[in-house]
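Everything on this sheet refers to the single structure shown next.
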Amino acid sequence: MTGSEPGWVVLGAGGHARSVVDVLERAGHRVVAVAGEVPEGEAWHVDVVPDDRAAFEMIAAQGLHAVVAIGSNPARTRLVRELVARGAAVPPVVAATATVSPHSIVGPGSVVLEHAHVGPASRLGDAVVVNTAAVVEHDCRVGVGVHVAPGAVLLGGASVGDGSLVGSGARVLPRVSVGAGATVGAGAVVTRHVADGETVVGAPAAPLGGPA
């Protein structure tokens, strides 16, 4: 990396932010600050600014890159949209150990963490998290503000609607769709369409509280 490259401000100061800062620093990027409330007992090795407004001012004044490292899908999406509206640079962040096909599209503000994979002809919307060792196979469609949790797998042609969570270790089978605002429980195996806002668990996945 060159000394003239803009540094980064990470919005968020919790555990997810630690993972994102680690990814940036491993790639040789300079993290100028994190923004937000630091969990009790945790110390940062970079500067901490108190809130999002202070971060916005720092980003604008110094021409810094921004990334939002907040686990909440709605909060992350809102902040990415606000940064984009303000004209800030919010490029996707991809870990050095991740593989992202050059024939895929990863939207602004998205993060692909260590050992994750995004296959060819897949499209990720803005503010998506593909977490550690998660897989988004070929021809998938992932909406805005989705979180694909550690170890989860979207098989070829699967789709996930805006704001949904695919839990750790879950599997969405080929060409199966998960609706917007849905939750797929950890370890679930999704074999059929999940409706908007629905929560499914188990293998095969079934609506929470409904018949197996």
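Quick grid of which residues meet (1) small (Gly, Ala, Ser); (2) more than 17 Å from the chain's Cα centre (by Cα):
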| position | (1), (2) |
| --- | --- |
| Ser122 | yes, no |
| Val136 | no, no |
| Val146 | no, no |
| Gly151 | yes, no |
| Gly161 | yes, no |
| Leu165 | no, no |
| Gly187 | yes, yes |
| Gly197 | yes, yes |
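I'm trying to understand the selection: among the residues of the stretch 62-86, which are surrounded by fewer than 18 Cβ atoms within 10 Å (Cβ to Cβ) and assigned to a loop (DSSP other than H, G, I, E, B)? Show your work before the answer.
Start the filter on the stretch 62-86 by keeping residues that are surrounded by fewer than 18 Cβ atoms within 10 Å (Cβ to Cβ), which leaves 62-63, 71-72, 74-75, 78, 82, 84-86.
Those that are surrounded by fewer than 18 Cβ atoms within 10 Å (Cβ to Cβ) and assigned to a loop (DSSP other than H, G, I, E, B): Gly63, Gly71, Ser72, Arg86.
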>> With the structure loaded, tell me whether Pro108 is under 22 Å from Asp126 (Cβ atoms), surrounded by fewer than 16 Cβ atoms within 10 Å (Cβ to Cβ) and within 14 Å of the chain's Cα centre (by Cα) or whether it fails that test.
In response: no
>> If a residue counts only when it is closer than 25 Å to Ala116 by Cα, which strands (runs of 3 or more DSSP E) contained entirely in the stretch 1-61 have at least 2 such residues?
In response: 8-11, 31-35
> Among the residues of the stretch 17-30 satisfying the criterion of being within 16 Å of Gly109 (Cβ to Cβ) and without any contact (Cβ under 8 Å) to a residue 60 or more places away in the chain, which is farthest from the chain's Cα centre (by Cα)?
Replying inline: His29
>> Condition first: buried (at least 18 other Cβ atoms within 10 Å of the Cβ), in contact with a Ser or Thr (Cβ under 6 Å, 6 or more places away or on another chain) and among the hydrophobic types (A, V, I, L, M, F, W, C). Now tell me which residues in the stretch 160-194 satisfy that.
In response: Leu165, Val178, Ala182
> Are any of the residues in the stretch 131-138 in contact with an Asp or Glu (Cβ under 6 Å, 6 or more places away or on another chain) and either part of a loop (DSSP other than H, G, I, E, B) or within 29 Å of Ala205 (Cβ to Cβ) (or both)?
Replying inline: yes
>> If I filter the stretch 87-105 down to residues being more than 16 Å from the chain's Cα centre (by Cα) and over 22 Å from Arg30 (Cα atoms), which single residue comes out as least open to solvent (accessible area, probe 1.4 Å)?
In response: Ser101
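Which one of these is without any contact (Cβ under 8 Å) to a residue 24 or more places away in the chain, open to solvent by 40 Å² or more (accessible area, probe 1.4 Å) and closer than 25 Å to Val106 by Cα: Gly197, Gly157?
Working: Gly157 fails: open to solvent by 40 Å² or more (accessible area, probe 1.4 Å).
Exactly one of Gly197, Gly157 is without any contact (Cβ under 8 Å) to a residue 24 or more places away in the chain, open to solvent by 40 Å² or more (accessible area, probe 1.4 Å) and closer than 25 Å to Val106 by Cα, namely Gly197.
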> Mind checking which residues of the stretch 180-203 are of a type outside the set (A, V, I, L, M, F, W, C) and in a strand (DSSP E or B)?
Replying inline: Thr183, Thr199
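The values are calculated or read from the model by the stated rules, or taken from the named source; none is laboratory data. Everything numeric here is computed off the predicted structure, so don't read it as measured data. Heads up, the Cβs are rebuilt from the backbone with ideal geometry, glycines too, and the neighbour counts pull from every protein chain shown. The area values use the complete protein model at the heavy-atom level, side chains included, leaving out ligands, DNA and RNA. Shrake-Rupley method; radii C 1.70, N 1.55, O 1.52, S 1.80 Å.
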